[in-house]
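Right, one structure below, let's go through it.
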Amino acid sequence: MNKRVVLISAFLLLFAGIAAVYWLKIGFYNATLRELLYLSSPFFAAISGIVALRNFGYATNRSLTLICLTAGMCYWFFGELLFDYYEYIVHSTPYPSAADIFYILAYPMLFLGLINEIRMARVNWKNLAKPTIFLFILVALLLAAIVGYFGIYQAYDANEQLLTNIIAMGYGVGDLLLILVNILLLVLVWEFRGGKLSRVWLILFCGFLFTLIADILFAIYHDQYTMQEWFYKSLLDSFWILGYLFFATAFFEFAFAIQDTYQKAISQVQEKT
């Protein structure tokens with residue numbers, strides 16, 4: 001069976017199981033089961049990045065892209081672990097906490113990884129049609145306005161401490177930077193359409209989009225999520241889980257592309273000999 005089909009089937013089964021626990025309330029109130037299922041998604045994202053990096057190697061300029069993106073996933077995974085540690089083991093407030101340090105550290109790593117990939121791609125901006133550029137700019141401005149309002153402006157609460165507000169608004173700033181870079185990532189998808197890596201960047205963009213939606217909803221429905229109201233907890237966690245699974249799929253797709261290229265090169269050498 002095709003390895004891509006196996007991977008996608010495995011992730012679909014995992015998400016189906018998670019959805020059953022959350023949305024059908026099969027074990028929703030069993031915090032251990034629910035959180036273990038949730039943590040499996042960032043874990044797979046981090047592991048898939050490590051696998052892709054091992055397949056690709058560390059000696060090329062593009063390795064920096066994978067190193068930064070994988071580090072970002074690892075930071076998010078550790079942040080999720082700490083969040084659950086504070087909430088379910090220590091029974092203290094998980095937000096704000098040391099978990100936020102790891103969450104926020106992920107943003108510059110992801111940003112640097114995407115910037116490096118854009119630099120490596122050497123996109124010829126002059127060859128892009130003006131309507132395409134206009135559309136990208138329009139989408140960027142629209143998303144920036146949404147993130148700026150909900151993720152930064154509304155994240156500020158005069159009744160909260162300064163540190164809490166800095167952290168809350170820091171997420172908005174991080175999301176804003178990532179979404180702007182992701183608009184450029186769409187340019188990569190356009191530039192490399194039909195190429196092996198175009199699928200990687202499109203899947204990665206979907207991962208960032210789901211994460212962005214979850215972060216915006218968290219800023220709006222923070223109290224409901226903290227109180228673990230069933231609908232809001234299920235909705236936000238579902239978006240975050242989808243984001244992580246898309247990241248994992250993108251990394252594995254990167255690894256598959258490298259393997260395909262390597263096997264093709266070996267086949268060509270064998271044919272010549």
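Structure above, values below:
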| item | result |
| --- | --- |
| Expected 222 nm ellipticity per residue - DSSP helices of 4 or more, -39500 (n - 2.57), all of the chain, to 500 | -27500 deg cm²/dmol |
| Among PHE251, PHE239, PHE231, residue whose mean-square fluctuation peaks in a GNM of the chain (springs only between Cα atoms under 10 Å) | PHE231 |
| Virtual spin-label span in nm between TYR149 and TYR88, 7 Å along Cα→Cβ | 3.6 nm |
| From the coordinates shown, Cα extents along the principal axes in Å corresponds to which of (i) 69, 43, 32; (ii) 78, 34, 28; (iii) 202, 36, 18 | (i) |
| Positive-pole candidate from PRO42, SER234, ALA255, dipole of the chain, charges at beta carbon | ALA255 |
| Mean separation of Cα contacts under 8 Å, 6 or more apart, over the residue count of the chain: relative contact order % | 23 percent |
| Shape call, segment 1-104: gyration tensor on alpha carbons, a/c limit 1.5 | oblate |
| Linear extension gain, LEU141 paired with LEU162, 0.36 nm per residue minus alpha-carbon span | 4.7 nm |
| GNM result for the chain, Cα springs below 10 Å: residue of ALA168, ALA19, ALA31 fluctuating most strongly | ALA31 |
| Mean-position separation - Cα centroids, segment 1-22 and segment 100-161, in angstrom | 29 Å |
| Additional length obtainable on full extension of the chain from ALA129 to PHE15, 0.36 nm per residue less Cα span | 37.2 nm |
| Residue-by-residue Karplus 3J(HN,Hα) for segment 79-96, coefficients 6.51, -1.76, 1.60, Hz, glycine and proline x | x, 5, 4, 5, 4, 5, 4, 5, 7, 10, 9, 7, 6, 10, 5, x, 9, x |
| Lysine pairs in segment 3-272 with Cα atoms under 30 Å, if 8 or more residues apart or on separate chains | 9 |
| Protection-proxy order for peptides 58-65, 113-120, each taking the mean of Cβ atoms within 10 Å per residue, highest first | 113-120, 58-65 |
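Bear in mind that the values in this text are calculations on the coordinates, not laboratory data. These numbers were taken from a predicted model, which means no experiment stands behind them. Neighbour counts run over all protein chains shown; Cβ positions are idealised from the backbone, glycine included.
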